[in-house]
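Below is one structure, written out as structure tokens, with a few remarks after it.
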Amino acid sequence: FFLKKVSRMNFSRSFRGHGYRTVIIPPHNGMFALDPTTLHMWPRKNFGLLALPNPDQSFTCIICLPFHGENSFETMCSDGDVFAFLKREFPDVAVCVMSTPLRFLEQPIVPMSFSEAFPAHAGSKALLIGKAACEVLPIGEFHDNIGLEDCLLLDDLFGEYGTGRTCLETVFRKYSTISLDRFELTRPLSSDVLERVIGLSPNTFLQLKQMMEGALIGVLPRSTGLTTARSAVSFTSLPYGQVKSMSRKKDIGMGLVGICLVASITAGASYAMHRRWKYHEPASQLQSTMGLT
């Protein structure tokens, strides 16, 4: 609130219709109850469960549910309701948690939301970092890494511009711009993670774009350094501005590939129709030639 008053900050927050609570799968005989090297996901029509391994051989199960309607938070009023839901929808998980207290209803519901603050600073006096400056859906690696990334980012900026009082505003301004780039990149990626977890119908256009993107990256040499935005954000330290520029170039490349593909199909169809016209003339033309009209 203070920053909004003194720095003309633009702040926005939008909520999805889902939230989550967690259930812990304890170790089984001192070992993981599930394979820790596999991504465990149970997508359903409008809800789902994601299990992530912990260092103590347990699993944290993130249960994503809508707030209202069938199979939602409002239908679970007791531990019996929760067990019945798990047994009906996720029976293999229910077996693993039968011997442990769920504590599902004791937790607050974590809402799925996006928030963005820009600029994230007030001159050289104050700065928002981590999820306070840019928050994506609290599921997946994009949400968890924001605070850690900001520490590395600020360390790099201080190393480049200095730590004196006169340098702070420059550092904070650069950070705000990079934070906005990150939000624009990670928002659609985190939405894609949620839709995969809860099993919503995939976006056909997005699937086609991802297939073309993979094909384009596969045919180009590795020396180009071209990769997907998800891989660049998750597994590299490339600046977000550079990743955005790379994504735009990929979009242009895929657009050209699409134009060439459409042109090739159109040319092929035109040629096939021409051949058919040449060797399979219409009946009316055949009758005229034979003097039947």
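The values are calculated or read from the model by the stated rules, or taken from the named source; none is laboratory data. Computed from a predicted structure; not experimentally measured. Glycine gets a Cβ as well: all are built from the backbone with ideal geometry, and neighbour counts include every protein chain shown. Protein only, heavy atoms only, side chains kept; ligands, DNA and RNA dropped before computing areas. Shrake-Rupley method; radii C 1.70, N 1.55, O 1.52, S 1.80 Å.
Kindly list the number of the only condition in (1) closer than 24 Å to residue 15 by Cβ; (2) modelled with pLDDT of 85 or more that fails for residue 144.
The one condition residue 144 does not meet is (2).
Identify, please: which residue in region 1-24 is among the aromatic types (Phe, Trp, Tyr) and modelled with pLDDT of 85 or more and is, among those, farthest from residue 112 (Cα to Cα)?
Going residue by residue through region 1-24, those that are among the aromatic types (Phe, Trp, Tyr) are 1-2, 11, 15, 20.
Applying the additional criterion that residues be modelled with pLDDT of 85 or more yields 15, 20.
Values: 15: 6, 20: 8 Å.
Applying the filter and picking the extreme gives 20.
How many of the residues in region 27-40 are open to solvent by less than 70 Å² (accessible area, probe 1.4 Å) and either basic (Lys, Arg) or touching a residue at least 40 places away in the same chain (Cβ under 8 Å) (or both)?
Within region 27-40, residues that are open to solvent by less than 70 Å² (accessible area, probe 1.4 Å) and either basic (Lys, Arg) or touching a residue at least 40 places away in the same chain (Cβ under 8 Å) (or both) number 2.
For region 71-114, name all the residues that are hydroxyl-bearing (Ser, Thr, Tyr), at pLDDT below 90 and open to solvent by less than 30 Å² (accessible area, probe 1.4 Å).
113
Take residue 67 and tell me if it is at pLDDT 90 or above, closer than 23 Å to residue 192 by Cβ and within 18 Å of the chain's Cα centre (by Cα).
Considered against the rule, which asks whether it is at pLDDT 90 or above, closer than 23 Å to residue 192 by Cβ and within 18 Å of the chain's Cα centre (by Cα), residue 67 comes out as no.
Could you grab me the full set of residues in region 188-199 that are touching a helix residue (DSSP H, G or I) at 6+ places or on another chain (Cβ under 9 Å) and open to solvent by 50 Å² or more (accessible area, probe 1.4 Å)?
At the first step, the residues of region 188-199 found to be touching a helix residue (DSSP H, G or I) at 6+ places or on another chain (Cβ under 9 Å) are 188-190, 192-193.
Of everything in region 188-199, just one residue is touching a helix residue (DSSP H, G or I) at 6+ places or on another chain (Cβ under 9 Å) and open to solvent by 50 Å² or more (accessible area, probe 1.4 Å), namely 188.
Just to be sure, is residue 118 closer than 30 Å to residue 170 by Cα and surrounded by 13 or more Cβ atoms within 10 Å (Cβ to Cβ)? Outline the logic, then answer.
Numbers: closer than 30 Å to residue 170 by Cα: yes; surrounded by 13 or more Cβ atoms within 10 Å (Cβ to Cβ): yes.
Criteria met by residue 118.
Do you know which residues across region 141-177 are more than 11 Å from residue 130 (Cβ to Cβ) and touching a Gly at 6+ places or on another chain (Cβ under 7 Å)?
Result: 169, single match.
Is one or more of the residues making up region 154-172 within 23 Å of residue 8 (Cα to Cα), open to solvent by less than 30 Å² (accessible area, probe 1.4 Å) and in contact with a Leu (Cβ under 7 Å, 6 or more places away or on another chain)?
Yes, there is a match, as at least one residue in region 154-172 is within 23 Å of residue 8 (Cα to Cα), open to solvent by less than 30 Å² (accessible area, probe 1.4 Å) and in contact with a Leu (Cβ under 7 Å, 6 or more places away or on another chain).
With the checklist (1) at pLDDT 85 or above; (2) part of a strand (DSSP E or B); (3) over 19 Å from the mean Cα position of the chain (by Cα) in hand, flag the one item residue 117 doesn't pass.
(1)
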